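Notes follow the structure.
The values are calculated or read from the model by the stated rules, or taken from the named source; none is laboratory data. Because the structure is predicted, anything quoted here is derived from the model rather than measured. Don't worry about glycine lacking a Cβ; one is built from the backbone with ideal geometry, like all the others, and counts go over all protein chains shown.
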Amino acid sequence: MKIALFSDTYLPDINGVATSTNILRNELVRLGHDVLVVTSELPSDSDYDINLDDQILRVPGLEIQALYGYRACNIFSFKGMKEIKKFAPEVIHVQTEFGIGIFGRIAGEYLDLPVVYTYHTMWTDYSHYMNPINSETVDTVVKKVITKISKFYGNSCQGLIVPSNKTKEALLHYGLQQEHIYTIPTGLELDRFSIKNKDEKICQELIEKYQLQNHFVLTFLGRIAPEKSITVIIDALKEVVALNDNIRFLIVGGGPQLEELKNYVKDDHIESYVIFTGPQSGEYVPAHYHISDMFISASLSETQGLTYIEAMASNIPVIARYDDQLVDVIEDGKNGFFFRDENELPQLILKTMEMDLTSFKENALAKAKEYSGETFARKVLEVYQQAILTKEYTYQVVSIFPIKNNKNEVSFTYDENASTVTLELTDKVIDQYQLHQGAIIDRDTFNTLKDLEQISRAYNKALKYLSVKDYTEQQMRKKLMNSGDYDDAQLDATIQLLSEKNLINDHLFTLNYFKRCTRLGIGHNKAIYNLRSYGVDSEIIDLCLEELDDDAFSIEEQLEAMEAEIELYSDKGCKDDEDIRVCGKNILPPDTSMWRPVVTGYISGYSGWRIDPFNGSSDFHHGLDISASAANTTDYPIYPIANGMVVYVEKSNPHGCGGNKVYIQHNINGQIYTSGYWHLRRVLVNQGDTVTKSTQIAVMGGNPDTEYWDTCTTGAHLHLELSNMVFSDGIYALRAGFLRPELYINFPNKGVYWYDKTTQY
């Protein structure tokens with residue numbers, strides 16, 4: 001592919017945009033693509049060897065003093081356009097908004113080429129440069145203008161790349177269309193910063209030059225400007241040196257605030273602890289990381305934070321002011337630290353000076369490896385391909401007409417003749433794809449919507465069939481195939497959706513079928529024959545037979561538990577001949593909803609099929625694994641998911657599979673549910689206790705050195721089970737009535753940490 005990259009700033013400039021553009025260019029070339037960089041002319045006093053440039057077209061530009069290192073170029077160049085036409089690009093990728101950025105858009109219109117735009121900078125954070133009188137009114141107006149410009153630029157291109165989801169959210173708030181926004185973190189030349197490529201000679205030179213021997217070295221590297229909030233670090237340093245003066249703060253780079261900061265440290269009499277290196281050439285940048293112990297920044301204007309990743313790639317951890325833009329890069333307490341309040345910073349720096357940072361360095365390096373330049377370039381190439389398709393063919397929404405059951409008739413026009421086509425789409429799909437009158441989508445998206453229409457129809461048919469009887473996957477596939485015009489991909493998606501909602505589950509179908517056959521006196525051989533004819537895999541059949549013979553509870557344990565619960569219900573007033581479900585609704589405290597059983601935590605393992613962590617074989621996981629922060633799991637409280645009554649408690653000693661367990665019966669909107677809690681360090685309730693959602697029932701398991709560490713856990717967590725059966729029917733029945741807790745309780749996605757029980761996702 002032939003690609004033209006347009007950017008006002010490029011080598012030898014050292015800034016995020018120039019670095020990102022250069023990395024992308026190099027990786028695209030390495031992948032076999034032909035790349036032309038269109039950028040600004042160098043200043044007349046530059047000593048950069050322009051002859052080193054390969055496939056770089058430079059047009060006249062003027063340096064913007066206030067934005068140190070940036071130049072504004074002419075928005076058009078006849079000579080430049082001639083060279084661009086000669087190069088004959090297939091796609092134009094604009095890196096900056098003004099000057100050459102505008103030139104790139106003009107070239108795209110003139111040559112009828114798709115334009116991709118990377119939004120590198122949150123320009124609203126730079127509004128102060130256009131507000132010299134520091135007027136709040138002026139600042140508001142400037143930000144409104146910037147927002148409108150960003151919206152115009154973003155909506156006028158065929159693909160918009162942002163480095164983080166937070167940036168995407170901000171642009172959507174500006175009013176940009178979601179259909180063509182792609183989140184792609186900027187990649188880095190990781191080998192350049194690798195400790196394996198450390199230049200010992202340059203590092204020793206810098207250590208001697210800055211007199212860093214035997215000192216803790218704290219480093220900031222970047223543009224010296226107000227939005228970087230370097231004064232926050234300097235203010236913290238004053239408190240640090242009063243308690244521990246074995247520290248030196250390197251400020252690496254140049255910018256409009258450089259001289260101001262030099263005077264600032266003199267006024268505070270800490271100039272002996274602060275070293276201003278000034279701008280550094282490319283070969284010296286990695287060395288400044290390599291001689292450092294910790295990287296620090298208090299910036300408020302990051303879109304991704306390339307310097308943080310560079311530092312991590314250099315094997316050093318980071319300290320950063322908390323920013324949603326950085327949560328995907330910095331893992332607090334693992335590869336670095338966040339501070340939220342400026343008053344926290346001095347103690348945080350002092351803490352890191354006394355810590356063993358070995359594990360932090362290892363984690364930092366591991367995180368940096370996720371941002372390889374090649375991965376970055378390949379994802380950008382996918383955007384180019386999509387932009388080309390979008391440019392070639394689009395569909396525009398002309399009307400959305402609501403019909404019944406949250407469905408809508410959505411009409412589209414397409415091609416030069418404005419032909420019309422109508423799809424029946426749900427409210428959810430319309431919201432997901434941001435469809436509204438005037439919205440434009442590409443052909444691939446339209447085809448996806450067509451598939452979703454068919455999947456929705458197939459899914460609703462399946463629900464009708466399942467309201468009468470259960471089906472295996474194969475049975476449902478044949479039923480749908482015979483009832484509608486669905487292709488294989490649509491059927492696959494429908495079956496997957498039904499499986500995810502646990503409406504179809506061959507494993508549970510098989511378990512229930514075996515138990516039903518046992519009750520009816522049908523032998524296993526006949527049952528196996530029938531199951532195979534229903535399309536159930538032989539492996540599932542074998543696993544179910546093993547599960548029936550060897551469950552976490554022995555038959556004796558199960559009978560004991562059933563007898564205990566029957567006795568419990570009898571003590572509560574249930575009669576021997578009374579339906580326990582009917583009686584239970586009168587005995588159990590009523591509730592209307594379920595909630596998360598721990599205050600803070602994250603999902604570490606879903607229910608369903610998985611690879612068993614102990615034997616490596618395929619296994620059905622009958623619960624949801626919930627973990628908390630590693631620091632406090634040994635005393636971490638467990639709560640019921642709803643009001644209810646404790647119907648069974650098992651205290652495992654010696655350490656049996658599942659460890660200590662608690663089962664609780666619930667009456668939620670007239671429906672009886674049973675919840676199970678495994679891997680408990682301590683149980684704080686007894687059988688027969690009535691509990692609420694605020695009652696602590698247990699403590700999460702600890703580590704292998706603590707008591708009640710059981711044989712079926714790989715780490716401290718809660719295993720949560722949910723069933724629509726009553727416990728008195730036994731553990732087999734509970735698992736036959738297995739429900740996925742994540743479909744009934746509001747959990748975030750796997751791995752996403754929540755901070756309190758009421759956090760919404």
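Below, the figures for the structure above:
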item: Test: residue in the stretch 403-421 that is farther than 24 Å from SER456 by Cα, among the β-branched types (Val, Ile, Thr), at pLDDT below 90 and surrounded by fewer than 19 Cβ atoms within 10 Å (Cβ to Cβ); result: no
item: Residue within the stretch 404-423 that is assigned to a helix (DSSP H, G or I) and either without any contact (Cβ under 8 Å) to a residue 12 or more places away in the chain or over 30 Å from ARG192 (Cα atoms) (or both) present; result: no
item: Verdict on THR375 being in a helix (DSSP H, G or I), within 17 Å of ILE296 (Cβ to Cβ), out of contact with any Lys or Arg (no Cβ under 7 Å at 6 or more places or on another chain) and in contact (Cβ under 8 Å) with a residue 24 or more places away in the chain; result: no
item: Residue within the stretch 56-69 that is under 31 Å from the mean Cα position of the chain (by Cα) and either of a type in the set (Val, Ile, Thr) or modelled with pLDDT under 90 (or both) present; result: no
item: Test result for ALA493, under 24 Å from ASN408 (Cβ atoms), of a type in the set (Gly, Ala, Ser) and exposed (fewer than 15 other Cβ atoms within 10 Å of the Cβ); result: no
item: Condition broken by ASN512, with the remaining ones in (1) assigned to a helix (DSSP H, G or I); (2) in contact with an Asp or Glu (Cβ under 8 Å, 6 or more places away or on another chain); (3) assigned by TED's automatic domain parsing to the domain that holds PHE401; (4) not charged (D, E, K, R) satisfied; result: (3)
item: Residue within the stretch 189-196 that is buried (at least 17 other Cβ atoms within 10 Å of the Cβ) and farther than 27 Å from ALA368 by Cα present; result: no
item: Among (1) over 21 Å from the mean Cα position of the chain (by Cα); (2) within 29 Å of THR19 (Cβ to Cβ); (3) not in a helix (DSSP H, G or I), the one test that GLN385 misses; result: (3)
item: Unmet requirement for ILE522, which otherwise passes all of (1) outside any loop (DSSP other than H, G, I, E, B); (2) without any contact (Cβ under 8 Å) to a residue 24 or more places away in the chain; (3) among the hydrophobic types (A, V, I, L, M, F, W, C); result: (1)
item: Single unsatisfied condition, TYR210 versus (1) surrounded by 18 or more Cβ atoms within 10 Å (Cβ to Cβ); (2) farther than 30 Å from ARG378 by Cβ; (3) out of contact with any Asp or Glu (no Cβ under 9 Å at 6 or more places or on another chain); result: (1)
item: Pick from the stretch 28-55, criterion modelled with pLDDT of 75 or more and among the charged types (D, E, K, R), ranking: surrounded by the fewest Cβ atoms within 10 Å (Cβ to Cβ); result: ARG30
item: Residue among ASP542, ASP506, ASP537, ASP470 that is loosely packed, with under 15 Cβ neighbours inside 10 Å and either on the phi > 0 side of the Ramachandran plot or not β-branched (Val, Ile, Thr) (or both); result: ASP542
item: Long-range neighbours under 8 Å by Cβ, at least six apart or interchain, first residue under 14 Å from LEU57 (Cβ atoms) within the stretch 2-16, second surrounded by fewer than 21 Cβ atoms within 10 Å (Cβ to Cβ) and polar (S, T, N, Q); result: TYR10/ASN22; LEU11/ASN22
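Conditions (1) at pLDDT 80 or above; (2) in a loop (DSSP other than H, G, I, E, B); (3) crowded, with 22+ Cβ neighbours inside 10 Å, marked per residue:
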{"residue": "CYS712", "(1), (2), (3)": "no, yes, no"}
{"residue": "HIS719", "(1), (2), (3)": "yes, no, yes"}
{"residue": "MET725", "(1), (2), (3)": "yes, yes, no"}
{"residue": "ALA733", "(1), (2), (3)": "no, no, no"}
{"residue": "GLU742", "(1), (2), (3)": "yes, no, no"}
{"residue": "ASN746", "(1), (2), (3)": "yes, yes, no"}
{"residue": "ASN749", "(1), (2), (3)": "yes, yes, no"}
{"residue": "ASP756", "(1), (2), (3)": "yes, yes, no"}
